[in-house]
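These notes concern the structure reproduced below.
Only the coordinates and a few stated rules stand behind these numbers; no lab work does. Source: prediction; values computed, not measured. Every residue, glycine as well, gets a Cβ built from its backbone with ideal geometry; the counts of neighbours run over all protein chains shown.
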Amino acid sequence: MNNLNGKIITVSSVKGGVGKTTITTNLAGLYYLMKKKVLIIDLDLYAGGVATLLNVNNKKDIYMLVDALSNNKQVELADYVSKYNNGIDILACPRDPRDVSKIESKYINKIFELAKHDYDVVLVDTSHSLDEVCLVAMDASYNTLFVITNDLVDIKNMKSLVSIFKEMEKTNYKIVLNNSRDTGRDYITLFDIRNMIKGNIDYTISKNFYIKNIDKYVLNGEILTLNKNVNRFYSGDIKNMNKLALSLIEEVKKEGEIDG
Ligand SMILES: Nc1ncnc2c1ncn2[C@@H]1O[C@H](COP(=O)(O)OP(=O)(O)O)[C@@H](O)[C@H]1O
Ligand SMILES: [Mg+2]
């Protein structure tokens, strides 16, 4: 496959544990069902869990790829990814945390270029610290998805980010409110959240999508959106997530050139 047009989607947040990795794998499942070739890059370099969550026993990791690139070797991305199924591959986070500090952000762009050739959609899972690596990833992404929860600190920090994006005229991001993570907490209404962040909440994952026995799926390395029962019981939320998945890769018409 020689695509050139693969779309990089970064999944980020201003707080940890909000459901990023779960949402990333769910999106991967949905793109897979759309017959897209998907790569998940685990840029939660210190504490990434994509390979573990998906039960993939990876021999290779992103550090090994960076190491090869830094030695100017002829590099095939395929030699560094691990297979989840016939349409989803993973580029895992470093197996050895001591390697993380050796990953310079300039290699992220190179990896993305390679990934865009081989895949239709590249999902980048991140940590919640907006470090250099994450910022470079976001900058090179077609779209970034921010995950927030119904939490005052989370909302306040998202507000700061939205205001910075306004200043930068950055528009290629979406915000999803994840009510499925912490179901007891919904005292701030959607209306108030929108007012507080002075921006739009593009999608909501409802509290109905709280999956009590999620660990059962995790232990099997299952992607929720690829599970028949999950699709049956949570069809409303899955439908909504599908809309979100489509909107993240949707082609945006370029505005006409302004004269003068
Ligand atoms: N819809 C859900 N229902 C139940 N538990 C969930 C759901 N989404 C996420 N979780 C659980 O919440 C925890 C944090 O989710 P995770 O996706 O790892 O967040 P992050 O990547 O932002 O740290 C995990 O233990 C995960 O299994
Ligand atoms: Mg995570």
Subject >> Neighbour-count order for LEU248, LEU45, fewest beta carbons within 10 angstrom listed first >> reply: LEU45, LEU248
Subject >> For region 174-220, diffusion coefficient by Stokes-Einstein and Kirkwood Rh (Cα), 10 °C, 1.306 mPa s, µm²/s >> reply: 133 µm²/s
Original post:
Under a Cβ-Cβ cut-off of 9 Å, what is the net charge of the residues other than VAL121 that fall near it, where Lys and Arg count +1 and Asp and Glu count -1?
Top reply: +2
Original post:
Cα-based Rg of region 199-243 per 2.2 N^0.38 Å, rounded to two decimals?
Top reply: 1.25
Original post:
Which is the longest run of the chain containing none of the trypsin sites (Lys or Arg not before Pro) found in DSSP loop states (not H, G, I, E, B) with at most 12 other C-beta atoms within 10 Å?
Top reply: 74-197
Original post:
Taking the DSSP beta bridges in region 7-249 as the whole, what percent of them are antiparallel, to the nearest 5?
Top reply: 5 percent
**OP:** Give the order of ILE211, ILE90, ILE40 when sorted by the count of other beta carbons within 10 angstrom, beginning with the fewest.
**Re:** ILE211, ILE90, ILE40
Subject >> Likely footprinting exposure, SER70, SER235, SER180, SER82, fewest C-beta neighbours within 10 Å first >> reply: SER235, SER70, SER82, SER180
**OP:** Could you work out the local net charge near LEU152, counting Lys and Arg as +1, Asp and Glu as -1, over the other residues with Cβ closer than 14 Å to its Cβ?
**Re:** -1
Original post:
Which of LYS20/LYS60; LYS59/LYS243; LYS83/LYS166; LYS102/LYS156 have a Cα-Cα distance over 27 Å?
Top reply: LYS59/LYS243; LYS83/LYS166; LYS102/LYS156
**OP:** Subtracting the Cα-Cα distance from 0.36 nm times the residue separation, let me have the gained length for ASP139 to MET168 in nm, one decimal.
**Re:** 9.3 nm
Subject >> At most 15 other Cβ within 10 Å, DSSP loop - chymotrypsin sites (Phe, Trp or Tyr not before Pro), region 39-93 >> reply: TYR46
**OP:** Can you check what the Kirkwood hydrodynamic radius comes to for region 106-156, Cα pairs only, in Å to one decimal?
**Re:** 12.5 Å
**OP:** Return the Rg/Rh value of the chain, two decimal places, where both radii are evaluated on C-alpha atoms and Rh is the Kirkwood radius.
**Re:** 0.96
Subject >> Computed over region 164-260, Cα set: Rg, Dmax in Å >> reply: 17.5, 61
Original post:
Which three semi-axes in whole Å describe the equivalent ellipsoid of region 72-131, each the square root of 5 times a Cα gyration tensor eigenvalue, listed largest first?
Top reply: 20, 15, 13
Original post:
Measuring from label point to label point, each 7 Å out along Cα→Cβ, what is the ASN57 to SER235 span in nm?
Top reply: 3.9 nm
Subject >> Theoretical FRET efficiency, 1/(1+(r/R0)^6), r = Cβ-Cβ of ASP186 and SER101, R0 45 Å, to 0.05 >> reply: 0.70
Original post:
To the nearest 20 debye, what charge dipole does region 7-249 have about its Cα centre, counting +1 at the Cβ of each Lys and Arg and -1 at the Cβ of each Asp and Glu?
Top reply: 680 debye
**OP:** Just check region 1-148 against the gyration tensor rule for me: Cα atoms, a ≥ b ≥ c as the square roots of the eigenvalues, rounded for a/c under 1.5, and otherwise prolate or oblate depending on whether a/b exceeds b/c.
**Re:** rounded
Original post:
Which residue, chosen from LEU226, LEU177, GLY236, occupies the Cα position most advanced towards the positive end of the dipole of region 7-249, where the dipole is computed from +1 (Lys, Arg) and -1 (Asp, Glu) charges on Cβ about the Cα centre?
Top reply: GLY236
Subject >> Cβ-defined net charge surrounding LEU43, 10 Å radius [Lys, Arg +1; Asp, Glu -1] >> reply: -4
Original post:
Taking the alpha carbon gyration tensor of region 61-209, what are the square roots of 5 times its eigenvalues, largest first, to the nearest whole Å?
Top reply: 33, 17, 14
